[in-house]
Amino acid sequence: MNSFAERLRRRETTLLDGGLGSLLIARGLVAGAAPESWVVSRPDDVRRAHRDYVAAGSDAVHAATFGANAIRLARGGLADRCEEVNAGAVRLARDSGALFVLADVGPTGEYLPPVGTGDRKAWRKAFLEQGKVLAAAGPDAFHIETMTDLTEALDALEAVKESAPSLPVLVSLTFERKKRGFFTIMGNPLAPSLRALAEGGADAVGANCTLTSADMRRLAEEARTAVDVPLVIQPNAGAPVRRDGAVFYAQEPEAFAEEMALVASLGVEMVGGCCGTDPRHIRALKRLLPPKGKPT
Amino acid sequence: MYTEMREAVVLGDAARARRLAEGVVSGGGDLLAAIEKGFAAGIRKVGDLWEEGEYFLPELVQGAEAMKAAMAVLQPALRERHAETSKGRVVIGTVQGDLHDIGKTLVATLLSAGGFEVEDLGSDVSVDRFLERAKENGADIIATSALLTTTMPVQKAIAEAIPKMGLSRPPRLLVGGAPTTSSWAKEIGAAWAENALRAVAVAEGLVGAGRRP
């Protein structure tokens, strides 16, 4: 059992990082470009972003591999650089000195029929390839995240577990808040989806992106009663607003931190942020979390 | 009959929608009424169910597919009967860096059903490609969708590039997508539609001011 798995077993509170893409955009990544391209072209900026999170108190950082599956890389003109990008990104995250490095696995960006023309065989191949390359780079765990289709999340989970049988795998879906509760855009409801992931072998399950910390607090309450496995919750820094032609997530670090400390107190083991959260949000949250992790 | 058409779309039954459309055409029925009171009413209902959280993407897309199946039958027939009275030309696409296709495709379908000639450029469309197609097409409207806060600024880039096309009658810009707002549209000097159904009315308003001869 590696030390991250051990930490999951002890149910210690683990502070994750915040958004990476939005942080790189603030450093000049052009809108529409793939953040993964900076792993190759501007590694120092990626490394510095990770370091800023570690300095702010993140126990674990996500390697910049969110879009580094073959299907998505092809769209950014990086089709033949899967190994270079994934291995390089894990190395940059490791260089930050973080206690733990999470290999980040995001969606292919395709949808299954009737919504799109996605092909599960191709997905599986892409996730297996990325999983193997990432596993060889030596992360402490995997985090499959921002999945809007439970089917794709389960496919990724199966492929990652096959690629790296000994590493813990976290899986986060992206939910919207509807009148009838929390659903993915494909209509997967919260509690049954989290249970399906846990049954599929996920070592921790949860939600990231789209929702604000206030909505995530409600989601976390439902999630905590739905499953017994550790939970991971990463909201955005509020709803997006626009200023001077650019887009911002404007929630103040303190407001974010107060709500996320409440999320942690519900028994959510891993807390962090998604779009628009930056090291200030993580630092503010760090101050509000119990100093030595939550007792079991 | 209109109820059946509406239902075929609400239930996402493309084969039934096609059959019903063929029935209207062969029976010499009112084609526009079939669209407006039947199939388009169905797609509006699908939109309502989506907002209610009863329908999700798969149902939404199946509804749009059923609508498309009906339109594939009705549009050629309409052209034949009315020698095509186009409301205007639209090039539509999702902006560069953004792969979200569904909302845009729905808008394209509804615009087409609403009497516009629509060229759908797909997703991940560059600024240059929008301009090039609009110029070649003599488009009245460039309609752009952005579903990510990181890709919204591309709409601004398009807005800024349109006046530089050197056209005496440059196309109007219509923007949409979840993160967009009326104030965003106002700031970049574009028209805005909050959802696919509104997009048709807004597009009609845009071409109404100066209809193509």
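All of the numbers you see were taken from the coordinates with simple rules; none came from a lab. All of these numbers come straight from a predicted model, not from anything done at the bench. Here the Cβ is made from the backbone with ideal geometry for all residues, glycine too, and neighbour counts use every protein chain on show.
Before moving on, here are some points about what is shown:
- Farthest towards the positive end of the charge dipole of the range B:1-148, among the residues B:Ala17, B:Val118, B:Pro76, is the Cα of B:Pro76, using unit charges on the Cβ of Lys, Arg, Asp and Glu.
- Annotation note: trypsin sites (Lys or Arg not before Pro) in the range A:58-129 located in DSSP loop regions with a Cβ neighbour count of at most 15 within 10 Å are absent.
- Secondary structure note: in the protein assembly as shown, about 15% of the DSSP beta bridges are antiparallel.
- Restraint check, A:Lys179/B:Lys68; B:Lys45/B:Lys68; B:Lys68/B:Lys156; A:Lys125/A:Lys161, Cα-Cα greater than 21 Å: A:Lys179/B:Lys68; B:Lys68/B:Lys156
- A Gaussian network model of chain B, with springs between Cα atoms under 10 Å, assigns the largest mean-square fluctuation among B:Ser123, B:Ser168, B:Ser183 to B:Ser168.
- Gyration tensor verdict on the range A:177-296 (Cα atoms; rounded if a/c is under 1.5, prolate if a/b is larger than b/c, oblate otherwise): oblate
- Contact order normalised by residue count of chain B, Cα under 8 Å, 6+ apart, percent: 17
- Whole-number percent relative contact order across the range A:34-123, with pairs defined as alpha carbons under 8 Å at least 6 apart: 34
- Normalised alpha carbon radius of gyration of the protein assembly as shown [divisor 2.2 N^0.38 Å]: 1.03
- Value in Å of the Kirkwood radius, where the range A:145-204 supplies the Cα pairs that are averaged: 11.7
- Out of every Cα-Cα pair that the range B:83-157 contains, those further apart than 16 angstrom amount to 45 percent.
- Taking every alpha-carbon pair under 8 Å whose residues sit at least 6 apart, chain A reaches a relative contact order of 20 percent.
- Multiplying the residue separation of A:Arg224 and A:Arg287 by 0.36 nm and subtracting their alpha-carbon distance yields 20.3 nm.
- Extension reserve of the A:Leu99-A:Lys125 stretch, reckoned as 0.36 nm per residue once the Cα distance is removed: 6.3 nm
- Whole-Hz Karplus values for the range A:164-174 come out as 9, x, 9, 9, x, 10, 9, 10, 10, 9, 10 Hz, taken residue by residue from phi with 6.51 cos²θ - 1.76 cosθ + 1.60 and θ = phi - 60°; glycine and proline positions read x.
- Rounded to the nearest 20, the Cβ-based charge dipole of the range A:65-217 about its Cα centre (Lys and Arg +1, Asp and Glu -1) stands at 400 debye.
- Prolate/oblate/rounded label for the range A:1-82 (Cα gyration tensor, a/c 1.5): oblate
- Converting the Cα gyration tensor eigenvalues of the range B:1-144 into ellipsoid dimensions via √(5λ) gives semi-axes, longest first, of 26, 21, 10 Å.
- A cut-off of 5 Å between modelled amide H atoms, ignoring neighbours fewer than 5 places along the same chain, links A:Tyr249 with A:Val241.
- Given charges at beta-carbon only (K, R positive; D, E negative), |dipole| of the range A:183-296 in Debye: 260
- Distance cut-off 35 Å, percentage of C-alpha pairs in chain A lying past it: 9
- A Cβ-based charge dipole, computed about the Cα centre of the range A:196-260 with Lys and Arg at +1 and Asp and Glu at -1, lands at about 240 debye.
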